[in-house]
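The values are calculated or read from the model by the stated rules, or taken from the named source; none is laboratory data. Remember, predicted model here, so these are calculated numbers, not experimental data. In this analysis, Cβ positions are derived from the backbone assuming ideal geometry, glycine residues included, and neighbour counts consider all displayed protein chains.
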Amino acid sequence: MEVIQLFKNLTINSIFGKYNVHFKKSKIKFKNNKNFLYVIDKNIYKYYIRNFKHISKILIVDAKESNKSFEKMNKYLSFFQKNKVNKKTIVTCIGGGITQDITSFICSIYYRGIKWHFYPTTLLAQADSCIGSKNSINFNKSKNLIGCFYPPEKVVINTNFLKTLKDKEITSGIGEILKCGIISNSETFLKNKNQYLKLINYKRNLELFIYKSLQIKKKIIEMDEFDKKERKIMNYGHTFGHALESECNYKIPHGIAVNIGMDLANYLSMRYNFINHGKYIKLNNILVQNFEKFKNYKPNIGNLCNYLNNDKKNTKKNFINAILIKNKKLRITPIKLDNHFKSYLNDYFSAK
């Protein structure tokens, strides 16, 4: 199969140096080289096993949240050491966000930093996490508590990998695409609602929306790579989404949890009188179609608040820094975890 270049490469300007994102559709093929080590998602390896049989150095990762842990790092680091990984080695990561986090974290600490390339295989990773430098692992049931910033040398988005995905994985990725759309401009998002509804219901134009989402994220991370100011808006939906993931023991896929978190943030924006009921309903009518299968999930509110209280982005006890819509823009808004807030959570999850 010939290589089809889908879009012009994106160049990401990072404090660590520039790196390119390549967009293509081609046969899944990788080279064996003594200076290459591959970290591959277990499901991708099984699906393309014939394409990897000739490669000698492969670390296969079971991409579960439980394996993205501090305790598992010893196993992965031992594999690197056994295979004589050094400064000349290029580690190639092939997988989704969990595989990316594990690979990037290890590469950032091994030999105080070694080169790595990323071939994202999930829609969520292709449309969001593949750029931005972040890596993180979980600790003591707290999601993404330990990590740093360490970008790949290059990213290759091959959309043929999307053929391996189940419907819920596509839906999860669409959740992050919707996030980027609202972050860019909520009014424009609503004007283009038919395009987003076609994306949700018919999975149309995935490639175009991947590119658009990364263009939006590129502008933000180049202003604020280390998450000090502008980039915090990218956490829209994540404060509530991460807490929901932890509360349900990751039964809800990440992008869907973020999607619910966005809708909950919009609901709170309405309850705190930052937006009117009409705008909430317009946004809800789009978002809910992407988490239809989980819309009736009712978390334990006490447990959910405990996870919210332990969010790493908090700066004050019993307050969370939520991203809410105020004056037509997304803004960081401190919210006290008081009885009013808990009653709003109860109302939201009871009404679904």
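Which one of Ile60, Ile55 is touching a Phe, Trp or Tyr at 6+ places or on another chain (Cβ under 7 Å), within 24 Å of Asn158 (Cα to Cα), surrounded by fewer than 20 Cβ atoms within 10 Å (Cβ to Cβ) and free of Cβ contacts under 8 Å to residues at least 24 places away in the same chain? Steps first, please.
Values: Ile55 fails: free of Cβ contacts under 8 Å to residues at least 24 places away in the same chain.
Result: Ile60 is the single residue among Ile60, Ile55 that is touching a Phe, Trp or Tyr at 6+ places or on another chain (Cβ under 7 Å), within 24 Å of Asn158 (Cα to Cα), surrounded by fewer than 20 Cβ atoms within 10 Å (Cβ to Cβ) and free of Cβ contacts under 8 Å to residues at least 24 places away in the same chain.
Test of understanding: among Asn160, Asn192, Asn144, Asn135, which residue is free of Cβ contacts under 8 Å to residues at least 40 places away in the same chain and outside the structural domain of Asn309 (by TED's automatic domain parsing)? Please lay out each step first, then the result.
Details: Asn160 fails: free of Cβ contacts under 8 Å to residues at least 40 places away in the same chain; Asn192 fails: outside the structural domain of Asn309 (by TED's automatic domain parsing); Asn144 fails: free of Cβ contacts under 8 Å to residues at least 40 places away in the same chain.
Of Asn160, Asn192, Asn144, Asn135, the one residue that is free of Cβ contacts under 8 Å to residues at least 40 places away in the same chain and outside the structural domain of Asn309 (by TED's automatic domain parsing) is Asn135.
Quick one: how many residues across region 319-340 are over 26 Å from the mean Cα position of the chain (by Cα) and either free of Cβ contacts under 8 Å to residues at least 24 places away in the same chain or farther than 29 Å from Lys228 by Cα (or both)?
Number satisfying all stated conditions: 4.
Which members of region 59-75 meet the condition of being among the basic types (Lys, Arg) and more than 17 Å from Ile109 (Cβ to Cβ)? Break it down into steps so the answer makes sense when it comes.
Kept after step one, since they are among the basic types (Lys, Arg), are these residues of region 59-75: 64, 68, 72, 75.
Within region 59-75, just Lys64 meets the criteria.
Mind checking which residues of region 117-130 are in contact with a Lys or Arg (Cβ under 8 Å, 6 or more places away or on another chain) and surrounded by 23 or more Cβ atoms within 10 Å (Cβ to Cβ)? Before you say what the answer is, go through the steps one by one.
Here is the first cut: in region 117-130, the residues in contact with a Lys or Arg (Cβ under 8 Å, 6 or more places away or on another chain) are 117-118, 128.
Once the filter is applied, which keeps residues that are in contact with a Lys or Arg (Cβ under 8 Å, 6 or more places away or on another chain) and surrounded by 23 or more Cβ atoms within 10 Å (Cβ to Cβ), region 117-130 yields Phe118, Asp128.
Only residues that are within 19 Å of Phe139 (Cβ to Cβ) and surrounded by 15 or more Cβ atoms within 10 Å (Cβ to Cβ): list them for region 307-319, please.
First pass over region 307-319, keeping only residues within 19 Å of Phe139 (Cβ to Cβ): 307-314.
Tyr307, Leu308, Asn310, Asp311, Lys313, Asn314, listed by residue number.
What is the number of the single condition among (1) of a type in the set (Gly, Ala, Ser); (2) farther than 17 Å from Ile177 by Cα; (3) surrounded by 23 or more Cβ atoms within 10 Å (Cβ to Cβ) that Gly261 does not meet?
(2)
So which residues in region 76-120 are charged (D, E, K, R) and not in a strand (DSSP E or B)? Let's see the steps before the verdict.
From region 76-120, those charged (D, E, K, R) are 82, 84, 87-88, 101, 112, 115; that's our starting set.
Answer for region 76-120, where residues must be charged (D, E, K, R) and not in a strand (DSSP E or B): Lys82, Lys84, Lys87, Lys88, Asp101, Arg112.
For residues in region 121-173 being farther than 30 Å from Asn314 by Cα, part of a loop (DSSP other than H, G, I, E, B) and in contact with a helix residue (DSSP H, G or I) (Cβ under 8 Å, 6 or more places away or on another chain), which is modelled with the lowest pLDDT?
Among them, the one singled out is Leu165.
Which of the following residues is assigned by TED's automatic domain parsing to the domain that holds Gly237 and touching a Ser or Thr at 6+ places or on another chain (Cβ under 7 Å): Asn346, Asn290? Steps first, answer last, please.
Numbers: Asn346 fails: touching a Ser or Thr at 6+ places or on another chain (Cβ under 7 Å).
Criteria check complete, one pass: Asn290.
Of all residues in region 176-200 being farther than 24 Å from Lys24 by Cα and hydrophobic (A, V, I, L, M, F, W, C), which is surrounded by the most Cβ atoms within 10 Å (Cβ to Cβ)?
Within region 176-200, the match that is surrounded by the most Cβ atoms within 10 Å (Cβ to Cβ) is Ile182.
Could you give me the residue pairs with C-beta distances under 7 Å whose first residue belongs to region 268-287 and is touching a residue at least 60 places away in the same chain (Cβ under 8 Å), whose second residue is surrounded by 18 or more Cβ atoms within 10 Å (Cβ to Cβ) and of a type in the set (Asp, Glu) wherever it lies, and which are 6+ apart or on separate chains?
Leu287/Asp263
Inside region 18-55, can you point out the residues that are charged (D, E, K, R), within 18 Å of Ser104 (Cα to Cα) and part of a loop (DSSP other than H, G, I, E, B)? Before the answer, list the steps.
Step one: filter region 18-55 for residues charged (D, E, K, R), giving 18, 24-25, 27, 29, 31, 34, 41-42, 46, 50, 53.
Right, trim to within 18 Å of Ser104 (Cα to Cα) and you get 18, 41-42.
Scanning region 18-55 gives a single hit, Lys18.
Name the residues in region 283-318 that are farther than 22 Å from Lys168 by Cβ, of a type in the set (Lys, Arg) and more than 19 Å from the chain's Cα centre (by Cα), would you?
Result: Lys316, Lys317.
Answer with yes or no whether Lys336 is exposed (fewer than 12 other Cβ atoms within 10 Å of the Cβ), among the basic types (Lys, Arg) and in contact with a strand residue (DSSP E or B) (Cβ under 6 Å, 6 or more places away or on another chain). Let's see the steps before the verdict.
Values: exposed (fewer than 12 other Cβ atoms within 10 Å of the Cβ): yes; among the basic types (Lys, Arg): yes; in contact with a strand residue (DSSP E or B) (Cβ under 6 Å, 6 or more places away or on another chain): yes.
Yes: the conditions hold for Lys336.
Which residues, taken from region 27-46, are at pLDDT below 95 and under 24 Å from the mean Cα position of the chain (by Cα)?
The answer is Ile28, and nothing else.
Going by the conditions given, is Gly173 in contact with an Asp or Glu (Cβ under 6 Å, 6 or more places away or on another chain), buried (at least 23 other Cβ atoms within 10 Å of the Cβ) and either not basic (Lys, Arg) or not assigned by TED's automatic domain parsing to the domain that holds Ala125 (or both)?
On the way: in contact with an Asp or Glu (Cβ under 6 Å, 6 or more places away or on another chain): no; buried (at least 23 other Cβ atoms within 10 Å of the Cβ): yes; either not basic (Lys, Arg) or not assigned by TED's automatic domain parsing to the domain that holds Ala125 (or both): yes.
No; evaluated as a whole, the condition is false for this residue.
In the list Gly302, Gly255, which residue meets the criterion of being buried (at least 17 other Cβ atoms within 10 Å of the Cβ) and among the small types (Gly, Ala, Ser)?
Details: Gly302 fails: buried (at least 17 other Cβ atoms within 10 Å of the Cβ).
Among Gly302, Gly255, only Gly255 is buried (at least 17 other Cβ atoms within 10 Å of the Cβ) and among the small types (Gly, Ala, Ser).
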